[in-house]
Amino acid sequence: MNKLVILFALAVFLCSCKREKLPILGETSVNAITGDIVYYKAPDFELTNQLNSISTAIDFQHKIKVVDFFFTSCPTICPQMTKHLKLVEEAYKDEDRVAIISYSIDPKNDTPKRLQAYAENHNIDTNKWTFLTGNSEAIFELSKDYKVRAFDDSSNEERNLIHDGTFVLVDGQQRLRGYYNGLQVEDTQRLIKDISILLKE
């Protein structure tokens, strides 16, 4: 009987020591020469940040990134998304390997100056969290590449910018590792936990 208890305890211990792993999302292909699996990668970009400087994907090379699409005058879901991303910012404020990237889908109004003011109004550390603006077509194309919904449904009579509340987790190799409901605290906490898993990879 004692042996069974010891074996059970050992099995529980070994299971608890197993390192959690996150899935790698998106389409895959096979390298014809090496036979290695080639994973889908998050898109490259060249846009303008809140400091009116050019920012590219290379600036975030090897960093774990949390990505969202928003606009500063959004009256509905954006304030909640920003509030929840602040939880991510706070959780990893001392971790240089983690970055947050927010793409504005309203580049006409979201100038670098306005993005900087938004960051200041929300007490955001722009060393950790970058706001990007630029050509609207390029930004909407980026949303497709990240596989989230963002588009301009405006008409002559009414302005209507549409985006969902998704947070996207991208690892240091530009692979997509998770999608999260940015309107839910619980899912934001799941994101925070999943970042810690990636940091151990």
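The values are calculated or read from the model by the stated rules, or taken from the named source; none is laboratory data. Fair warning: this is a prediction, and the values are worked out from it, not measured in the lab. Please note: Cβ atoms are built from the backbone with ideal geometry, for glycine as well, and neighbour counts cover all protein chains shown.
Table for the structure above
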| quantity | calculated |
| --- | --- |
| Residue in the stretch 87-127 that is nearest to D187 (Cα to Cα), counting only those that are among the charged types (D, E, K, R), part of a helix (DSSP H, G or I) and in contact with a strand residue (DSSP E or B) (Cβ under 9 Å, 6 or more places away or on another chain) | E89 |
| Filter result for V98 (within 21 Å of R177 (Cα to Cα), among the aliphatic types (A, V, I, L, M), in contact with a helix residue (DSSP H, G or I) (Cβ under 7 Å, 6 or more places away or on another chain) and buried (at least 20 other Cβ atoms within 10 Å of the Cβ)) | yes |
| Lone unmet requirement of (1) of a type in the set (S, T, N, Q); (2) within 18 Å of I101 (Cβ to Cβ); (3) in contact with a helix residue (DSSP H, G or I) (Cβ under 8 Å, 6 or more places away or on another chain) for T166 | (3) |
| Check on E141, farther than 21 Å from T76 by Cα and assigned to a helix (DSSP H, G or I) | yes |
| Considering residues of the stretch 110-152 that are in contact with a helix residue (DSSP H, G or I) (Cβ under 8 Å, 6 or more places away or on another chain) and of a type in the set (F, W, Y) only, the residue surrounded by the fewest Cβ atoms within 10 Å (Cβ to Cβ) | F151 |
| Any hit, the stretch 62-75, residues being in a loop (DSSP other than H, G, I, E, B) and farther than 22 Å from D153 by Cβ | yes |
| Candidates A91, A57 - the one that is in contact with a helix residue (DSSP H, G or I) (Cβ under 7 Å, 6 or more places away or on another chain), under 20 Å from G178 (Cβ atoms), among the small types (G, A, S) and surrounded by 14 or more Cβ atoms within 10 Å (Cβ to Cβ) | A91 |
| Any pair with Cβ under 8 angstrom, 6 or more apart, that starts in the stretch 181-201 at a residue that is within 18 Å of P79 (Cβ to Cβ) and ends at one that is modelled with pLDDT of 95 or more and acidic (D, E) | N181/D187; G182/D68 |
| Residue ID - surrounded by the most Cβ atoms within 10 Å (Cβ to Cβ), chosen from residues in the stretch 66-88 that are under 19 Å from F140 (Cβ atoms) and touching a residue at least 60 places away in the same chain (Cβ under 8 Å) | F69 |
